[in-house]
Amino acid sequence: MECAAPYKSEITETFLNIRDFSYKEKKSPVLEEGRINSFLDSLNDFKNDLKEKTSKIFEINERMEKITWFNDLDEDCLMKLNDLISAAKDLRSSLVRQYVSMNFIRKQGMAREEIKDFKYSIDELKESYEDLESVFFFLPEMPEFPETTKKLSLI
């Protein structure tokens, strides 16, 4: 039995396509070492950049925490503090957007520790500016707060 002409050409064309593709795949490595190294270098750069950013955020958090212990601030200082709090809120919004943009990387399991630390520093940033806001703008309005503060400063 002979194959019908239209079928024969389709079979032959498919065979040639498979043969050519198979030959090329046998000659090329699955992943080229150069491409893998480039990818790993980029991942290391990302991790290092994220570590630096996280360190800078923690430094900012420490500085804001130190400010919470200041007392007897005048109106000018309170105005500057209000600006500082607003800037910190704006910074946090930008950082949260960056964190969200890392979803794909997180889901792939890459840079887990660095991303986790970055997220923690962002959470701490929020706590830091909320503490400033509380200490200088909300708590002083409570009658018992100034007395409690004086007692704590004597310890």
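A short reminder: the numbers here are calculations on the coordinates, not readings from a lab. Keep in mind that this is a model prediction, so the values were computed, not measured. Because the Cβ atoms are built from the backbone with ideal geometry, glycine has one as well, and the counts that use them run over all protein chains shown.
Straight-line cross-link partners of Lys56 among the lysines, defined as a Cα under 22 Å from its Cα and at least 8 positions apart when in the same chain: Lys47, Lys66, Lys80, Lys89, Lys116, Lys119, Lys126.
Projecting the Cα atoms of Asn82, Gln108, Asn71 onto the charge dipole of region 47-113 (Cβ charges, centred on the Cα centre) puts Gln108 farthest toward the positive pole. In the chain, the calculated helix contribution to ellipticity at 222 nm averages -27500 deg cm²/dmol per residue, counting -39,500 (n - 2.57) for every DSSP H run with n ≥ 4.
Working from Cα pairs under 8 Å separated by at least six residues, relative contact order for the chain is 33 percent.
What is the local net charge at Gly109, summed over the other residues whose Cβ is closer than 14 Å to its Cβ (Lys, Arg +1; Asp, Glu -1)?
Once all neighbours under 14 Å are counted, the net charge is +3.
The lysines whose alpha-carbon is closer than 20 Å to the alpha-carbon of Lys26, local same-chain residues fewer than 8 away aside, do not include any residue.
Place a +1 charge on the Cβ of each Lys and Arg in the chain and a -1 charge on the Cβ of each Asp and Glu, then give the dipole magnitude about the Cα centre in debye, rounded to the nearest 20.
Magnitude of the dipole: close to 920 debye.
Placing +1 on the Cβ of every Lys and Arg and -1 on the Cβ of every Asp and Glu, with nothing else charged, gives region 27-114 a dipole about its Cα centre of roughly 660 debye.
Computed from the C-beta positions of Lys56 and Glu32 and an R0 of 25 Å, the FRET efficiency is 0.10 to the nearest 0.05.
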